[in-house]
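The values are calculated or read from the model by the stated rules, or taken from the named source; none is laboratory data. As the structure is a prediction and not an experimental result, all values here were calculated from the model. Cβ atoms come from the backbone with ideal geometry, glycine included; neighbour counts cover every protein chain shown.
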Amino acid sequence: MSLNPCIGNRCSQTRRLSPEVLESQESRAFLDFPETSGFRGKPGTNTRQVSSVIITISGTPGTGKTSVARILAKLMSCEVVAINKFVDEHKLSEGRDEAGSKIVDVSKLRREIEKHLKNFKGCIIIEGHLAHFLRADFCVVLRCDPLVLEGRLKKKKWRKAKIRENVQAEILDVILAEALANKKIKCLLELDNTRLVPKKCAEKILCLIKKAKPHRENVQWLKKYENMMI
C-alpha cells in the first residue's frame with residue numbers, strides 16, 4: 001500500500017531539484033538546531049532513550065521503514081505511529097489515484113498528527129513515506145539501490161506502473177528533496193539501507209541521533225540508472 005500526498009488540492013509530482021537548490025534548502029533546514037539533552041540511561045540496562053523527541057522515518061516504499069522503525073522503537077523505548085494505519089483510523093484517505101495509491105491531504109494529516117502529539121511527552125517514531133512532510137527533531141530518509149528496490153516491490157506483487165513510479169522517484173531523490181524543503185525538520189539523516197539488515201540500520205540511526213548532527217550519504221542513483229528513466 002502506498003499513499004499519494006496532496007497539499008490542498010494539489011497532488012505532488014515526481015521532480016528533481018538542482019544541486020544548488022538542494023544545498024540552499026539543506027542549509028536552511030539545519031539552521032537553529034537545538035542541543036539534545038534528552039538521552040537518559042535506564043537503570044540496570046545499557047539502553048539509552050531520548051526524552052520528548054519526534055523522529056520521523058521516511059523513504060520510497062520498499063526501503064525498509066516499517067522494520068527499521070519497529071527495531072529502533074525497542075532500542076529507544078519509543079511509541080511508533082504507522083502513517084498507513086493512522087490514515088485508515090482517522091479516515092484521511094480521499095480516494096485512490098490511477099496507480100491505486102491512497103490520496104492523502106498532507107495538511108489534514110499534519111493537523112491530525114499534531115492532535116496526537118498534543119501534550120505528548122517521551123519519544124515517538126512516525127514512519128511512512130509521507131512522514132517527511134511532518135515536523136520532527138530528527139527525520140530519517142532511507143535510501144535503496146533502485147534495482148534492489150524494484151525486486152522488493154515485485155515481491156509485493158505491485159502493478160508494473162506503480163513499481164516504475166516508485167523506482168523513478170527513488171532515482172530522482174524525490175523524498176530527500178521534499179524533506180530538505182521542510183523547514184519543520186531540525187536534523188535530517190539520510191541512510192543508504194541497500195545492504196543493511198534492519199537491526200544494523202536501526203543501530204546506525206541511534207548512533208547518528210546521539211551525535212545530533214545532520215548526515216548525508218553519497219547517493220547518486222541518477223548517474224548510475226539514467227537508463228531506467230526512459
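Tabulated values for the structure
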quantity	calculated
Check on GLU127, buried (at least 22 other Cβ atoms within 10 Å of the Cβ), farther than 11 Å from PRO61 by Cβ and charged (D, E, K, R)	yes
Residue check for LEU189: buried (at least 23 other Cβ atoms within 10 Å of the Cβ) and either assigned to a helix (DSSP H, G or I) or not small (Gly, Ala, Ser) (or both)	yes
Scope segment 107-125; condition part of a loop (DSSP other than H, G, I, E, B) and either of a type in the set (A, V, I, L, M) or over 12 Å from VAL80 (Cα atoms) (or both); matching residues	LYS118, ASN119, PHE120, LYS121
Residue within segment 174-194 that is closer than 24 Å to LYS210 by Cβ and among the hydroxyl-bearing types (Ser, Thr, Tyr) present	yes
Count - residues of segment 83-111 that are over 19 Å from the mean Cα position of the chain (by Cα) and basic (Lys, Arg)	2
Boolean, SER101 is of a type in the set (Gly, Ala, Ser), at pLDDT below 95 and buried (at least 18 other Cβ atoms within 10 Å of the Cβ)	yes
Some residue of segment 126-134 being in a loop (DSSP other than H, G, I, E, B), under 30 Å from ALA212 (Cα atoms) and touching a Pro at 6+ places or on another chain (Cβ under 7 Å)	yes
Matching residues in segment 192-230 - criterion: being touching a residue at least 60 places away in the same chain (Cβ under 8 Å), assigned to a loop (DSSP other than H, G, I, E, B) and exposed (fewer than 13 other Cβ atoms within 10 Å of the Cβ)	GLU217
